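Comments concern the structure below.
The values are calculated or read from the model by the stated rules, or taken from the named source; none is laboratory data. None of these values were measured; they are calculated from a predicted model. Methodologically, a virtual Cβ is constructed for each residue, glycine included, from the backbone with ideal geometry; neighbour enumeration extends over all protein chains shown.
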Amino acid sequence: MIEANAVSLTFQTADGPIHALKDVDLSIGAGEFVSFIGPSGCGKTTFLRTIAALESPTSGTLTVNGMSPDEARRARAYGYVFQAPGLYPWRRIAGNISLPLEIMGFDKADRAERVRRVLELVDLEGFGGKFPWQLSGGMQQRASIARALAFDADILLMDEPFGALDEIVRDRLNEALLALWRKTGKTIGFVTHSIPEAVYLSTKIVVMSPRPGRITRIIDSPLPAERPLDIRDTPEFIALAHEVREGLREGHGDDV
Ligand SMILES: Nc1ncnc2c1ncn2[C@@H]1O[C@H](COP(=O)(O)OP(=O)(O)OP(=O)(O)O)[C@@H](O)[C@H]1O
């Protein structure tokens, strides 16, 4: 689904070049849940943005479904979820979700049906008529996930979507996201700073390190697809978390 070969990206700044990505090789299969973890500045966001055609590699090749990222973007291959929900306060939840659909030219009946379906997927039935400020932070983030799902892209790119939420809400959203992933079969790219979150959610964990931004380890998860939250207490889970931690240490030390 996503194939990166020797992808490098250097930003030219007034203080000199910044090597945000260096020789990144990665292959992501359809339906995988891939987390990117690493200290600040290791290029996680830049890599996600490169997949979504929001940045262009300086060298190397990146294909999405056999297309260039830009072609894939035009074919509506991506939904993108940011750290902040980014909902317009003057639009109701349904209006926020349907906005990209309006821009893309979906007709009114189709929009209404899609909004209904994605609200159900994120467990927000009955909240379409509310304004964002009437919802909790976790519910707002679910609404922003619904918005990214509304046009049925095959790939969902999520940049630390739960980073600003407390741990209890985050646990619930992790469970809900996993259920949604199993139900929809989407390919998910997910940036996180949290080792337990990466281990709980992923089929593949990509450990990165900074200066230059690069991949230090790719870990395929042996955990089953069905994952109750208490899987986090199992020896398999703990061993995997340990492996990720080792990868982070190897890459750069303790500045995660
Ligand atoms: N548009 C830009 N112009 C110049 N430098 C940039 C730009 N975008 C990112 N960078 C730099 O590239 C490097 C990688 O940034 P990136 O945001 O991808 O890291 P990250 O791993 O997502 O970090 P964080 O966890 O803090 O979000 C950083 O040194 C950052 O300052």
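Worth a mention:
- Every pair of residues 6+ apart whose Cβ atoms lie under 8 Å, when the first sits in the stretch 109-129 and is under 9 Å from residue 146 (Cβ atoms) while the second is loosely packed, with under 12 Cβ neighbours inside 10 Å and basic (Lys, Arg): 121/183
- Top-ranked residue of the stretch 217-252 - restricted to ones that are part of a strand (DSSP E or B) and surrounded by 17 or more Cβ atoms within 10 Å (Cβ to Cβ), ranked as farthest from the ligand (Cβ to nearest atom): 219
- Unmet requirement for residue 113, which otherwise passes all of (1) over 23 Å from the mean Cα position of the chain (by Cα); (2) within 16 Å of the ligand (Cβ to nearest atom): (2)
- Looking at 134, 141, just one residue is surrounded by fewer than 19 Cβ atoms within 10 Å (Cβ to Cβ), farther than 18 Å from residue 202 by Cα and not assigned by TED's automatic domain parsing to the domain that holds residue 209, and that residue is 134.
- A count restricted to the stretch 155-168 and to residues that are at pLDDT below 90 and surrounded by fewer than 22 Cβ atoms within 10 Å (Cβ to Cβ) stands at 6.
- Within the stretch 1-50, considering residues that are among the basic types (Lys, Arg) and not in a strand (DSSP E or B), the one farthest from residue 195 (Cα to Cα): 49
- Put simply, of 196, 212 the only residue that is modelled with pLDDT of 90 or more, more than 24 Å from residue 78 (Cα to Cα), in a loop (DSSP other than H, G, I, E, B) and not basic (Lys, Arg) is 212.
- Tabulated pairs, the stretch 6-18, first under 16 Å from residue 56 (Cα atoms), second near the ligand (Cβ under 9 Å from one of its atoms) and acidic (Asp, Glu), C-beta under 7 angstrom, 6+ apart or interchain: 9/55
- Going through (1) more than 18 Å from residue 45 (Cα to Cα); (2) without any contact (Cβ under 8 Å) to a residue 40 or more places away in the chain; (3) part of a loop (DSSP other than H, G, I, E, B) one by one, residue 162 falls short only on (1).
- Residue count for the stretch 36-94, restricted to those that are within 12 Å of the chain's Cα centre (by Cα), of a type in the set (Gly, Ala, Ser) and at pLDDT 95 or above: 0
- Among the residues making up the stretch 51-96, those that are part of a loop (DSSP other than H, G, I, E, B), among the hydrophobic types (A, V, I, L, M, F, W, C), more than 16 Å from the ligand (Cβ to nearest atom) and crowded, with 19+ Cβ neighbours inside 10 Å are 77, 87.
- Filtered residues of the stretch 109-159 (kept if in contact with a Ser or Thr (Cβ under 6 Å, 6 or more places away or on another chain) and assigned to a helix (DSSP H, G or I)): 111, 115
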